[in-house]
Amino acid sequence: MSIHYRKQITLVPKLLRLNIGSHGWSLSFGPRRAHVSYHGRGRHSTSVRLPGGFTWRRHSRRR
């Protein structure tokens, strides 16, 4: 059994959030339906929620 921790801090309402978890941190820019996230370990991702319950995501690493 593992222990997980997650805390989300809103820096600018509906635009910028700081996410802190047991494995690191990330910054999320944009509204919840379409946002870009930059993670502390060099990874970034883009996510868009589409109508009908579908989600498009793209993950990549810094080179």
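Using 0.36 nm per residue of separation minus the Cα-Cα distance, give me the extension gain between ARG6 and THR55 in nm, one decimal.
Here the segment from ARG6 to THR55 would lengthen by 15.5 nm.
Restrict the search to the chain; then list the chymotrypsin sites (Phe, Trp or Tyr not before Pro) that DSSP places in a loop and that have at most 15 other Cβ atoms within 10 Å of their Cβ.
On the way: sites: TYR5, TRP25, PHE29, TYR38, PHE54, TRP56; in loops: TYR5.
For chymotrypsin sites (Phe, Trp or Tyr not before Pro) across the chain that sit outside H, G, I, E and B with at most 15 neighbouring Cβ atoms in 10 Å, the list reads TYR5.
If you count only protein heavy atoms and use a 1.4 Å probe, how large is the accessible surface of THR10, to the nearest 10 Å²?
THR10 exposes around 80 Å² with every protein chain in place.
Distance in nm between label sites at PHE29 and LEU16, each 7 Å beyond Cα in the beta-carbon direction?
1.0 nm
Carbon and sulfur: what percent of the chain's accessible surface (1.4 Å probe)?
About 57 percent, which is the carbon plus sulfur part of the accessible surface.
May I ask for the net charge around SER22, where only other residues with Cβ less than 12 Å from the Cβ of SER22 are counted and Lys, Arg are +1 while Asp, Glu are -1? Present the calculation step by step, with values, prior to reporting the outcome.
Details: positive: ARG6, LYS7; negative: none.
Its environment carries a net charge of +2.
Can you give me the accessible area per residue for the chain, using a 1.4 Å probe, in Å²?
Details: 5500 Å² over 63 residues.
In whole numbers, the chain has 87 Å² accessible per residue.
Given an 8 Å cut-off on Cα distances and at least 6 residues of separation, report the relative contact order of region 1-54 as a percent. Don't skip to the answer; put the middle values down first.
Values: 87 pairs, mean separation 11.4, N = 54.
It comes to 21 percent, rounded to a whole number.
For LYS7, what accessible surface area do you get with a 1.4 Å probe? Give it in Å², rounded to 10.
For LYS7, the solvent-accessible surface is approximately 100 Å².
The values are calculated or read from the model by the stated rules, or taken from the named source; none is laboratory data. From a predicted model like this one, the values you see are computed outputs, not experimental measurements. Heads up, the Cβs are rebuilt from the backbone with ideal geometry, glycines too, and the neighbour counts pull from every protein chain shown. What goes into the accessible areas is simple: the full protein's heavy atoms, side chains included, and nothing from ligands, DNA or RNA. Shrake-Rupley method; radii C 1.70, N 1.55, O 1.52, S 1.80 Å.
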